[in-house]
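Below is one structure, written out as structure tokens; the observations come after it.
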Amino acid sequence: MSAKGKSRRSFLINSVGGLNAAWVAAHYHDILAAQQYATKSGEPPKLAFFTEAQAAEVEAMADQIIPTDDTPGAREARCLYFIDRALTTFDKSKQKSYPQGLQDLQSKTQQLFPSAAKFSALGSTDRIKVLTEIEKTPFFNTVRVHTIIGYLSRPVHGGNHDKVGWKLIGYDDSLNHKAPFGYYDAAALSTPSGAGERQ
């Protein structure tokens, strides 16, 4: 893995550690439902909350939070669709923050780059400049948390498409446990057939 890959891996692991465990636990079943919706088929699902225009801006943000380089990013993991579903299920309380946050994003974009039509039209370097200006806002934090959950969710329920998040952090999801060979196994093998039975 490249240095950049290791850096992103560390970022994701540290980000997961920063998520509020109580919040995740309280919304666990709804998170699974959103993950299942996000990748229950090979085709991306239809948007339930965002307009196409809003979706393009949210995906552009997520794509900078977990960018695509030599490893898949938020776009390949289909984080947008997870976020869209989250806003109609377990995180409805954040619905109002997205339209307002996207308006603020547009304002900041035009403030820094007056000729830009929208945030998603900017190049990566300019997008980072805009996001740096809003990275301490509740809206940016919400998008960041939603993106990370969508990227590292369990594919058996949906979530990170093609297990791209798990592959990046080196998580083995085989869950095939085989008990180690122990003294009791050796004893069973050395006991003659029928030994120990009542005569």
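The values are calculated or read from the model by the stated rules, or taken from the named source; none is laboratory data. Every value quoted in this text rests on a predicted model; they were computed, and no experiment measured them. Positions of Cβ are backbone-derived with ideal geometry, glycine not excepted, and every protein chain shown enters the neighbour counts. Side chains are part of the model used for accessible areas, which takes the heavy atoms of the whole protein and leaves out ligands, DNA and RNA. Shrake-Rupley method; radii C 1.70, N 1.55, O 1.52, S 1.80 Å.
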Original post:
What FRET efficiency comes out for the pair THR132/LYS167, r = Cβ-Cβ distance, R0 = 30 Å, nearest 0.05?
Top reply: 0.55
Original post:
Separation between the ALA121 and ASP104 pseudo-spin-labels, each 7 Å from Cα along Cα→Cβ, expressed in nm?
Top reply: 2.3 nm
Original post:
Which percent of the accessible heavy-atom area of the range 47-169 goes to carbon and sulfur, probe 1.4 angstrom?
Top reply: 51 percent
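Summing Lys, Arg as +1 and Asp, Glu as -1, what charge do residues with Cβ under 12 Å from the Cβ of PHE50 carry, PHE50 excluded?
Around PHE50, the charge tally is -2.
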Subject >> Equivalent ellipsoid semi-axes - Cα gyration tensor, the range 47-169, angstrom >> reply: 23, 17, 11
Subject >> Average accessible area per residue (Å²) across the range 44-125 - probe 1.4 Å, nucleic acids and ligands excluded >> reply: 47 Å²
